[in-house]
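Remarks on the structure that follows.
The values are calculated or read from the model by the stated rules, or taken from the named source; none is laboratory data. What you see is a predicted model, and the numbers here were worked out from it, not measured in a lab. All Cβ positions, glycine included, derive from the backbone under ideal geometry; neighbour counts span all protein chains shown. Keep in mind that these areas ignore ligands, DNA and RNA; they rest on the heavy atoms of the full protein, side chains included. Shrake-Rupley method; radii C 1.70, N 1.55, O 1.52, S 1.80 Å.
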Amino acid sequence: MEKHKKILEYTLSSLLRRRYKNLAIITVFSFIVAALYSILFLTHSLKKEALTVLKEAPELIVQKVSGGRHDLIPTDYMKRIQEIYGVGRIIPRYWGYYYDAITDSNYTLMGINGTHVLHSNSKDNENYPSPIPLPQGEGARGRVKDVFSDENIKGLKLLNGRMPSNRKECAIGKGVSDVRFTGIDGEIFLIDSKGKVLTFHVVGVFASESAILTNDLIVINKDDILELFGMPSDRATDIAVEVYNELEIPFVASKIREILPDTRPIMKGEIIRTYETLFNWRSGVIFTMFLGALLAFCILAWDKATGLSAEERQEIGILKAIGWETGDVLELKFWEGIVISFTSILTGMIIAYIHIFFLGASLFAPVLRGWSVLFPPFRLIPYVDLYQVFVVLFLTVIPYVASTIIPSWKAAITDPDTVMRG
Amino acid sequence: MKYKIFIGLILSEILLILALYVFSQMLIERRSIEITAKKILVRELMLTDLSIWTEARYTRHPSQADLFTPFQDFPSSVEHFPAGSIIAPPENIKTWKSIKRY
């Protein structure tokens, strides 16, 4: 044990003799590791959050497809879908996009009749009717009964103010509120399909905690959205279909395609798979960034593995000449690799955690933002996958230590005189 | 002496990482109410997508995009938006034999 301590002590003295070079290696190594961990932390956290909340998405969305494009769907289709066994509530969805020329941003507009849960959380809910009734009977939305029970939703801050209950009222996302400099009791102007300016009274602003879902959202009355977009009253954007038994969703989807061939049912499983792919670290730009960092690490390790500096070779020669065994030299180099790689890995991991979970991935935001004017701030929940943490740990420490030991082993088994002479 | 400083440094970094991990678990627990609130929003407003990229309709609602998006203007047209390059092609495109009609 004493021998190992002495070798470690010598290793640290040796590293300190070349302090600027080693400090540079530790800095570069730490930043590469920080980049790798940042990508893994960001994608895992976003994926976990998306998959958790989107489990509550509608079981089936039925779109009408015309000329290969999404078209408005006749509300008559609901009667045909209702005939399918196993189908629960069928609700038409009214939504669309609005380009705001004042701010150069795109909003998502959604028309509602009102929702029970959101209203029971708003300040004047006693006087507000509940046009979408809560489920009746056994089995209807039973799996979420407990989660959304009145006891559980008390105290949840979904929106400040309330949801729109009358015509020309709206609830807006935090992003819209910021970009239009408006809030509760303010007004928002939108131009309808005939060029007429419609004024909406802001009665609610979604809480900033939910910005990842509602940042660009403007929720208005269903009749207002029909007027704004000039939609016929017998058409909806798409139809949400509830299926009691999740196992029957593919069957119901194929049945809908059979009886309504011009439609495209989108299953909840497909929505979830989309987000699994979207936030997979092995996809798109995220993978490119990951690969870049990994390549930088490989170059660093390769540089170490391809040879020792003249100074290092001379040091090994002197150590051998004064009686160090080959095993001792290898242990010295092992500790050198461990000191540098462990210091860098742990520092990189801490930097990555602070970057993603305290600074909201501020370095990646410009890349991820793209051309979006309204982009939600990342308030990521720190979901950390220990498997990923250990994979990166082993993938960087072991190659680096190996790349430090192998060239030293070659020098250590050579005659000290030859090594010292270079 | 130097090795004691080194071991102290490594141990303090490990302790900091462990503290951050414990902090994460506590924060996940504390923010579980926020997740419940988001689930209510998704359920009651029937949302299907996250509001991250608002630059194009297929980046705002990737799960609801047309089957041939992003080649929406003409076949083989180039992708316009930076966010589109973040999204990898779906699995069924990579193995096109398994394409389903729904």
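Answer yes or no: is there a residue in region A:131-144 that is under 16 Å from residue A:112 (Cα atoms), at pLDDT below 90, touching a Gly at 6+ places or on another chain (Cβ under 7 Å) and open to solvent by 10 Å² or more (accessible area, probe 1.4 Å).
The answer is yes; a qualifying residue exists.
Identify the residue in region B:15-48 that is within 8 Å of chain A (Cβ to nearest Cβ) and open to solvent by 60 Å² or more (accessible area, probe 1.4 Å) and, among all such residues, is nearest to residue A:26 (Cα to Cα).
Ranking the candidates gives B:16 first.
Conditions first: (1) over 19 Å from residue A:161 (Cα atoms); (2) buried (at least 19 other Cβ atoms within 10 Å of the Cβ). Residue A:216 passes all but one, so which condition is the exception?
(1)
List every residue pair whose Cβ atoms sit under 8 Å apart, with the two residues 6 or more apart in sequence or on different chains, where the first one lies in region A:382-395 and is not assigned by TED's automatic domain parsing to the domain that holds residue A:42 and the second, anywhere, is in a helix (DSSP H, G or I) and of a type in the set (Lys, Arg).
none
Going by the conditions given, is residue A:47 under 28 Å from the mean Cα position of the chain (by Cα) and open to solvent by 50 Å² or more (accessible area, probe 1.4 Å)?
Yes; evaluated as a whole, the condition is true for this residue.
So in region B:17-50, with the set limited to residues that are of a type in the set (Gly, Ala, Ser) and modelled with pLDDT under 90, which one is farthest from residue A:53 (Cα to Cα)?
Here is the first cut: in region B:17-50, the residues of a type in the set (Gly, Ala, Ser) are B:19, B:24, B:32, B:37.
Then drop every residue that is not modelled with pLDDT under 90, which leaves B:32, B:37.
Numbers: B:32: 11, B:37: 9 Å.
The residue in question is B:32.
Just give me the residues in region A:229-250 being within 14 Å of chain B (Cβ to nearest Cβ) and not in a helix (DSSP H, G or I), in sequence order.
Within region A:229-250, A:236, A:237, A:238, A:239, A:240, A:241, A:242, A:243 qualify.
What is the residue count in region A:150-168 for residues that are open to solvent by less than 20 Å² (accessible area, probe 1.4 Å) and either outside any strand (DSSP E or B) or at pLDDT 90 or above (or both)?
5
Yes/no matrix, rows are residues, columns are (1) surrounded by 19 or more Cβ atoms within 10 Å (Cβ to Cβ); (2) within 14 Å of chain B (Cβ to nearest Cβ); (3) modelled with pLDDT of 85 or more:
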residue: A:309; (1), (2), (3): no, no, no
residue: A:335; (1), (2), (3): yes, yes, yes
residue: A:346; (1), (2), (3): yes, yes, yes
residue: A:360; (1), (2), (3): no, yes, yes
residue: A:365; (1), (2), (3): no, yes, no
residue: A:373; (1), (2), (3): no, yes, no
residue: A:381; (1), (2), (3): no, yes, yes
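Within the group A:77, A:94, A:85, which residue is more than 7 Å from every other protein chain (Cβ to nearest Cβ) and either under 28 Å from the mean Cα position of the chain (by Cα) or closer than 25 Å to residue B:55 by Cβ (or both)?
After applying the criteria, what remains is A:94.
Condition (residue is facing another protein chain (nearest Cβ under 10 Å) and among the hydroxyl-bearing types (Ser, Thr, Tyr)) applied to region A:52-69: is it met by at least one residue?
So far as region A:52-69 goes, yes, one or more of its residues are facing another protein chain (nearest Cβ under 10 Å) and among the hydroxyl-bearing types (Ser, Thr, Tyr).
How many residues are within 13 Å of chain B (Cβ to nearest Cβ) and outside any helix (DSSP H, G or I) when one looks only at region A:203-228?
Of the residues in region A:203-228, 9 are within 13 Å of chain B (Cβ to nearest Cβ) and outside any helix (DSSP H, G or I).
Would you check if residue B:35 is part of a helix (DSSP H, G or I), outside the structural domain of residue B:65 (by TED's automatic domain parsing) and under 18 Å from the mean Cα position of the chain (by Cα)?
yes
Is it fair to say residue A:83 is among the acidic types (Asp, Glu) and open to solvent by 30 Å² or more (accessible area, probe 1.4 Å)?
yes
Under 8 Å between Cβ atoms, at least 6 apart or on separate chains: pull out the pairs that start in region A:168-197 with a residue that is small (Gly, Ala, Ser) and end on any residue that is open to solvent by less than 60 Å² (accessible area, probe 1.4 Å) and part of a helix (DSSP H, G or I).
Listed pairs, sorted by first residue: A:173/A:211; A:173/A:214; A:175/A:211; A:183/A:177; A:193/A:228; A:193/A:229.
Among the strands (runs of 3 or more DSSP E) contained in region A:1-115, which hold 1 or more residues that are over 19 Å from residue B:60 (Cα atoms)?
A:60-66, A:87-100, A:105-112
Taking the stated definitions as given, is residue A:227 open to solvent by 60 Å² or more (accessible area, probe 1.4 Å) and without any contact (Cβ under 8 Å) to a residue 60 or more places away in the chain? Spell out the reasoning first.
Values: open to solvent by 60 Å² or more (accessible area, probe 1.4 Å): no; without any contact (Cβ under 8 Å) to a residue 60 or more places away in the chain: yes.
The answer is no for residue A:227.
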